[in-house]
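Data first, discussion second: the structure below is written as structure tokens.
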Amino acid sequence: MNVSIVKYNGGNICSVINALKRLDIIPELTDDAEKLSKADRVLFPGQGEAGSTMAYLRAHGLDRLIRDLKQPVLGICIGQQLMCRHSEEGDTDCLGIFDTDVLKFRPERHEDKVPHMGWNTLTETGSALFKGFGENEFVYFVHSYYVGVNPYTIATTNYIVPFSAALHKDNFYATQFHPEKSGSVGERILKNFLDLTL
């Protein structure tokens, strides 16, 4: 299987590459439009700041390219946020694949720490992305911004407020959590993504 990872100015890409290698996939990290368009699967992972990342994507034509992809695409963390319409982080217009906005966590109690960092459970995991998922399985989050529950939500988590842990529209999937850092549970999610049929 030909798997490509979008190359841009995001961090934490190596852990995704290593997670795929554990599934016997050697992905290609590329910003080449032809290679991304011809890949069987495309991942758009990473950590970063919305404004500078969108500026980089636009400067390299990757914003249009990602929107036009027809194969299964998986956004992770900042990837999920940038696939939405607008982010409060830097008042940034994003890719608009998911017609919903990204909001900043606003602590309501002393114990509400931002960023949300650590392990949390998922609910409402009926999507094919979560095939084989049981109750109370934990995944790993690191984020200060979130996507509210909306019509594209395929998994939810509650931290300060209920939010979208994962989204789906057409060939586009996205997770706010890091499957590549979520042990055997995350490995199963990545395998499910690789096995998706449209």
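The values are calculated or read from the model by the stated rules, or taken from the named source; none is laboratory data. Keep in mind that what you see is a predicted model, and the values were worked out from it rather than measured. Here Cβ is always computed from backbone atoms with ideal geometry, including for glycine, and neighbour counts include all displayed protein chains. SASA here: full protein model, heavy atoms, side chains in, ligands and nucleic acids out. Shrake-Rupley method; radii C 1.70, N 1.55, O 1.52, S 1.80 Å.
Here are some notes:
- Neighbours of Ile25 by Cβ distance under 13 Å: Lys/Arg scored +1, Asp/Glu scored -1, total -2.
- Cα convex hull of the chain - mean projected area over all directions, nm²: 10.0 nm²
- Helix content alone sets the calculated 222 nm mean residue ellipticity of the chain: runs of n ≥ 4 DSSP H residues at -39500 (n - 2.57) each, divided across all residues, give -6500 deg cm²/dmol.
- Long-range tail of P(r) for the stretch 131-198 (Cα pairs > 19 Å, %): 31 percent
- Computed over protein heavy atoms with a 1.4 angstrom probe, the accessible surface ordering of Glu137, Glu28, Glu108, largest first, is Glu108, Glu28, Glu137.
- For the stretch 84-198, the Rg and Dmax computed from alpha carbons only, in angstrom: 14.0, 45
- Accessible area per residue was computed with a 1.4 Å probe on protein heavy atoms; Val142 scores about 40 Å².
- For the stretch 44-96, a Kirkwood radius taken over Cα pairs fed into Stokes-Einstein (10 °C, viscosity 1.306 mPa s) yields D = 145 µm²/s.
- Relative contact order (%) - criterion: Cα under 8 Å, at least six apart; region: the chain: 19 percent
- Cα gyration tensor shape for the stretch 121-167, rounded if a/c is under 1.5, else prolate or oblate: oblate
- Lys131 accessible area, assembled protein chains, probe 1.4 Å, Å²: 150 Å²
- Solvent-accessible area of Met117, all protein chains in place: 120 Å² (probe radius 1.4 Å, heavy atoms, ligands and nucleic acids excluded).
- Contour excess over end-to-end distance, with Cα ends at Thr197 and Asn120 and 0.36 nm allotted per residue: 24.9 nm
- Gyration tensor verdict on the stretch 82-139 (Cα atoms; rounded if a/c is under 1.5, prolate if a/b is larger than b/c, oblate otherwise): oblate
- According to the calculation over all Cα-Cα pairs in the stretch 5-57, the P(r) per 10 Å bin from zero is 24, 52, 23, 2 %.
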